[in-house]
Amino acid sequence: MPVTRSLSALGPIRKPQRFQPQECQPQRKSKATPVKEKINLSILDCPPYGNNVGTKYDGNVEHFESSIVTIPPVSKIRSPLLKAADRLSLGWKPEKFIARDKETEKLRAVLDSWIWQRQCGNVYMSGLPGCGKTRTVEALIAKMDKKHFVSVYLNCGNINSQDSFYSIFLHELQLACGIDRFSLHSSSDGKLARQKVIQLALKNAKPVMVVLDEVDFLVVKNPLVLHSIFELSKESKNRMAIVSIANALDLPQKLLPWLTVSSSMPHILPFEPYSSFELNAIVEQRLEDIPNTIDSASILLCVRSIAASTGDIRTALEVLRLAATDANADAEALGKEPPSSLIRYVSNILHRRGGLGATLQAVRQLPLQQQIVLIALVRCTRNKSKPNTTLGGLSDEAQQTFKLLRVQPIHFSEICDVCSTSLQHHNLVQVQVSKNVRKSPIVLKASSEDIYDC
């Protein structure tokens with residue numbers, strides 16, 4: 001008899017699978033078995049990476065795993081001179097701002113009286129480029145408590161007109177006050193935008209501190225715009241403080257009658273150029289984490305040369321950065337260790353930049369009015385009928401020179417300030433102030449040929 005079996009004994013019935021080509025079948029993920037490859041690590045045999053000095057690596061991973069080599073991070077492999085060059089770049093800012101303690105205290109006193117007593121907080125900061133004006137304001141605002149005010153920063157170097165200034169000002173002020181981007185108001189009309197700025201400052205819960213950098217670029221196109229800006233403080237009932245930063249020293253004096261009448265005269269805060277001691281302290285602060293990279297003699301050569309010409313910290317940092325970069329490039333090209341002294345590199349860079357011709361570079365970077373005062377002093381010294389030059393005689397000669405050149409003149413008080421601060425600091429003149437200021441003697445210490453060459 002035939003043997004019969006139940007279907008259950010045959011197991012589950014499988015459905016017939018549809019034929020699929022090889023390329024269409026789904027590929028299953030399989031765990032890849034580690035494959036040991038031969039790696040060329042002979043470069044790690046030399047110090048400081050290799051443990052077995054003088055032996056060549058045979059390429060076997062198992063032998064390599066028995067003595068694991070720890071590769072130091074890139075920051076440790078990099079040349080110390082290149083680290084120093086990074087620290088000396090303008091893009092790197094130290095956490096603590098040193099120097100300018102007196103100016104910081106004066107600015108802090110004005111702003112504190114504005115915040116707590118609602119007094120006028122307008123400030124006019126003036127000085128040569130690179131003397132730390134903007135950095136002083138940034139460091140002070142960073143220390144102050146933001147719970148009591150809001151701050152707005154505007155760079156006026158790229159603003160073309162008064163209308164565009166107030167339009168940009170309104171936009172930035174709305175963002176600082178926390179207004180949603182979709183609810184912002186814009187206006188191309190300068191007068192309308194100015195009124196909205198005042199209304200917003202009055203309605204905002206916190207007072208507004210406005211920092212205007214490079215404001216002299218805006219004033220050159222429209223001298224009365226500064227008067228309009230400083231009046232914002234009074235029209236907003238001192239709920240707005242204007243901190244303006246400029247390179248020219250005589251801007252408020254031109255607007256003195258209007259600012260005095262409207263009670264909007266700002267606090268004048270002049271900045272003298274950096275001295276060699278201050279420049280040296282700033283450089284050493286940047287290099288304190290990587291000592292013995294740039295020798296002190298090279299730093300002193302650089303800072304003394306820059307302090308005698310312009311006192312510009314940016315120039316000093318750039319000279320030392322280029323010297324460190326050039327010295328490292330030469331050392332790598334020759335396959336030698338970097339030199340212990342960078343005096344030769346610093347001296348060559350100063351010669352190329354005219355840094356050792358301190359008089360020429362100092363005079364060229366002075367504002368126009370100060371250059372004219374120097375020209376007037378040269379004319380006074382060449383006048384044999386007046387052997388001794390005084391501040392009064394210099395002022396009279398300067399007024400005539402301004403008329404001949406058709407340049408806006410500056411007053412006697414400004415000429416005294418310029419001679420006793422900027423020009424004397426650059427070692428261009430020497431002033432001996434007496435009780436009668438007009439009879440105070442002044443001596444030209446620079447060469448008259450260098451001044452005329454500028």
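Annotations
- Looking only at region 205-222, residues that are in contact (Cβ under 8 Å) with a residue 24 or more places away in the chain and open to solvent by 60 Å² or more (accessible area, probe 1.4 Å) come to 3 in all.
- Only a single item in (1) over 30 Å from HIS411 (Cα atoms); (2) small (Gly, Ala, Ser); (3) not in a helix (DSSP H, G or I) is not met by ALA324, and it is number (3).
- Of the criteria (1) crowded, with 18+ Cβ neighbours inside 10 Å; (2) of a type outside the set (Val, Ile, Thr); (3) not in a helix (DSSP H, G or I), which one ALA398 fails: (3)
- Some residue of region 247-257 being basic (Lys, Arg), open to solvent by 20 Å² or more (accessible area, probe 1.4 Å) and touching a Ser or Thr at 6+ places or on another chain (Cβ under 9 Å): no
- Residue among LEU232, LEU202, LEU170 that is within 25 Å of SER113 (Cα to Cα), outside any loop (DSSP other than H, G, I, E, B), open to solvent by less than 40 Å² (accessible area, probe 1.4 Å) and modelled with pLDDT of 80 or more: LEU232
- Scanning region 379-393 for residues that are part of a loop (DSSP other than H, G, I, E, B), at pLDDT 80 or above and either in contact with a Cys (Cβ under 9 Å, 6 or more places away or on another chain) or buried (at least 17 other Cβ atoms within 10 Å of the Cβ) (or both) yields a single hit, THR389.
- Within region 421-454, tally of residues that are assigned to a helix (DSSP H, G or I) and open to solvent by 50 Å² or more (accessible area, probe 1.4 Å): 8
- Whether a residue is under 27 Å from ALA139 (Cα atoms), in contact with a helix residue (DSSP H, G or I) (Cβ under 6 Å, 6 or more places away or on another chain), modelled with pLDDT of 90 or more and outside any loop (DSSP other than H, G, I, E, B) was assessed, and ALA241 passes this test.
- Condition met for GLY178 (at pLDDT below 90, closer than 23 Å to THR134 by Cβ and of a type outside the set (A, V, I, L, M, F, W, C)): no
- The lone criterion from (1) assigned to a helix (DSSP H, G or I); (2) closer than 26 Å to TYR274 by Cβ; (3) open to solvent by 40 Å² or more (accessible area, probe 1.4 Å) left unmet by LYS147 is number (2).
- So VAL407, is it at negative phi, of a type in the set (Val, Ile, Thr), surrounded by fewer than 18 Cβ atoms within 10 Å (Cβ to Cβ) and out of contact with any Lys or Arg (no Cβ under 8 Å at 6 or more places or on another chain): yes
- Pair list, Cβ under 7 Å, 6 or more apart: region 275-290 residue under 17 Å from GLU103 (Cα atoms), other residue in a helix (DSSP H, G or I): SER275/ALA307; LEU279/VAL303; LEU279/ILE306; LEU279/ALA307; LEU279/ILE313; LEU279/ALA316; ILE282/ILE313
- Checked against (1) without any contact (Cβ under 8 Å) to a residue 60 or more places away in the chain; (2) over 17 Å from the mean Cα position of the chain (by Cα), SER233 meets all criteria but (1).
- Conditions (1) of a type outside the set (A, V, I, L, M); (2) within 25 Å of CYS131 (Cβ to Cβ); (3) in contact with a Cys (Cβ under 9 Å, 6 or more places away or on another chain): number failed by LYS445: (3)
- The residue that is farthest from VAL243 (Cα to Cα), among those in region 262-293 that are hydrophobic (A, V, I, L, M, F, W, C) and in contact with a Pro (Cβ under 9 Å, 6 or more places away or on another chain), is ILE290.
The values are calculated or read from the model by the stated rules, or taken from the named source; none is laboratory data. Every value quoted in this text rests on a predicted model; they were computed, and no experiment measured them. Virtual Cβ from ideal backbone geometry, glycine too; neighbours counted across all protein chains shown. Just so you know, the surface numbers come from the protein's heavy atoms only, side chains and all, with ligands and any DNA or RNA stripped out. Shrake-Rupley method; radii C 1.70, N 1.55, O 1.52, S 1.80 Å.
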